[in-house]
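S.K.: Take this structure first; my questions come after.
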Amino acid sequence: MYLTKEQEQMLAGEQGEVLERMFRLLARLGDIYGADRMISVGSVQVAGVSYKSIGDPGLEFLEDMAGKGAKVRVPTTLNPPGMDLVDWKELGFPEDFAEKQLQIMDAFKKMGIMMTATCTPYLVGNLPRFGEHIAWSESSAVSFANSVIGARTNREGGPSALAAALCGVTPNYGLHLDGNRKPSVVVKVSAELKDNSDFGALGYHVGKLVKKGIPYFKGIEHADVDQLKALGAAMAASGAVALYHAEGLTPEADIMNTEGLETIDVGERELRGTYKALNTGKDPDIVILGCPHASLKEIATLACKLEGKHLRKPLWICTSRVTKEAATRMGFTEIIEKAGGKVVADTCTVVSPIERMGYKITGVNSGKAANYLPGFCKQQVVFKSLDDLLEGLSA
Ligand code: F3S
């Protein structure tokens, strides 16, 4: 692989131990995947933030890096931690967990990473442009950046994203190359997609079938940004889809050729079958919305539906701190709280320790959350549309 003089210095340890370690990781990845060179990245999204996912070994690694003076070279944002960083006590997060989580945040902060604490960095200021090379981890954000924005990123892991942030580059392979962005399968959708949960169900179903492929959707007549994020997140979770195209909806769809590709049909039967498969519980102990993190529009919709209502059971809507601030300013947080719900910032359903907080059955409208909750959080799942979930919670 071609390396510039500066990159050779990093590899040789002439720019310190941390950069040597990190650049070596990138060079190794480049060798494995046949990259011809390193490319500069416009931004990085770092995942692997929750103490629940990385534990003590992760915390020690991050503290070691931060202690040795590691500093990011490009704008870098951060995935959700395992708790609301402000209201964790009130929400019942365990003290021992909180202590470790705050140490993790401190280490990231020392490295110059922006404390966005969200899986939707594109909603809070880390918005790449079309065609820009970036190095993002967090599979739902990767899918959104590649598919909806048309930026270019591989599905980075936490360590390779951190390495890209510290070195400012990533190896040029995979989805950074035009030739690897072509669709591998056509998905013809005849099912009617009404609620955001329908997009989650569609994504879950297609991800299972196409695994690492690049689906090209035909027949989705309309989808807003929240629905596209729900679709991509579910496909990235049930499969490993990092890029999809949707006719008339995503920016690269028009230049893609689908002739001769295998076609998968998704109708009402497949969609209903997916709902059935994802529902493993009946009456939820808690409903958690906002996977991926809710946009201001989603919070506004919820507030509108909850105005004057009284909920029988807990309801959280997870979002970024920035979005929560705006929701509070608009009066949405107050309406939701008056009804008995909570706007939970920073964290999310899956990376928070909800199984330690007494919950066993969780209601969600997200295909991604429905995919991970049974394994990561030992939850039975109720997967329904927003209206159906709220109906079950109303007094
Ligand atoms: Fe985001 Fe957590 Fe879902 S990181 S995509 S809210 S599992």
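S.K.: Does the range 52-85 hold any residues that are within 11 Å of the ligand (Cβ to nearest atom), out of contact with any Pro (no Cβ under 8 Å at 6 or more places or on another chain) and in a loop (DSSP other than H, G, I, E, B), and which are they?
M.R.: Scanning the range 52-85 gives N79, P80, P81.
S.K.: I'd like the residue in the range 271-329 that is β-branched (V, I, T) and over 30 Å from V189 (Cβ atoms) and, out of all such residues, is farthest from the ligand (Cβ to nearest atom).
M.R.: T328
S.K.: While we're on this one: Within the range 152-171, does at least one residue satisfy the condition of being within 20 Å of A369 (Cβ to Cβ), in contact with a Pro (Cβ under 7 Å, 6 or more places away or on another chain) and either among the hydrophobic types (A, V, I, L, M, F, W, C) or outside any helix (DSSP H, G or I) (or both)?
M.R.: no
S.K.: Using beta carbons and a limit of 6 Å, which pairs, at least six apart or on different chains, have the first residue in the range 109-138 and on the phi > 0 side of the Ramachandran plot and the second one open to solvent by less than 40 Å² (accessible area, probe 1.4 Å) and not polar (S, T, N, Q)?
M.R.: Correct list of pairs: G112/V72; A117/L78; A117/P80; A117/P81; A117/D346; E138/A47; E138/C119.
S.K.: Quick check: is even one residue across the range 38-51 at pLDDT 95 or above, open to solvent by 60 Å² or more (accessible area, probe 1.4 Å) and either within 16 Å of the ligand (Cβ to nearest atom) or over 26 Å from A151 (Cα atoms) (or both)?
M.R.: There is no residue in the range 38-51 that is at pLDDT 95 or above, open to solvent by 60 Å² or more (accessible area, probe 1.4 Å) and either within 16 Å of the ligand (Cβ to nearest atom) or over 26 Å from A151 (Cα atoms) (or both).
S.K.: Now for a separate question. So which residues in the range 141-163 are within 16 Å of the ligand (Cβ to nearest atom) and surrounded by fewer than 24 Cβ atoms within 10 Å (Cβ to Cβ), if there are any at all?
M.R.: V148, R155, G157, G158, listed by residue number.
S.K.: So if I check each of K208, K218, which one is in contact with a Lys or Arg (Cβ under 7 Å, 6 or more places away or on another chain) and more than 16 Å from the ligand (Cβ to nearest atom)?
M.R.: K218
S.K.: Output the helices (runs of 4 or more DSSP H) that fall wholly within the range 86-148 and possess 1 or more residues being aromatic (F, W, Y), or say none.
M.R.: 88-91, 95-110
S.K.: With the requirement that a residue be within 16 Å of V344 (Cα to Cα) and over 21 Å from the mean Cα position of the chain (by Cα), what does the range 307-323 give you?
M.R.: Listed by number, the residues that qualify are K313, P314.
The values are calculated or read from the model by the stated rules, or taken from the named source; none is laboratory data. Predicted model only: the values in this text are computed from it and were never measured. Reconstructed Cβ throughout: ideal geometry from the backbone, glycine too, with neighbour counts over all protein chains shown. With ligands, DNA and RNA removed, areas are computed over all heavy atoms of the protein, side chains included. Shrake-Rupley method; radii C 1.70, N 1.55, O 1.52, S 1.80 Å.
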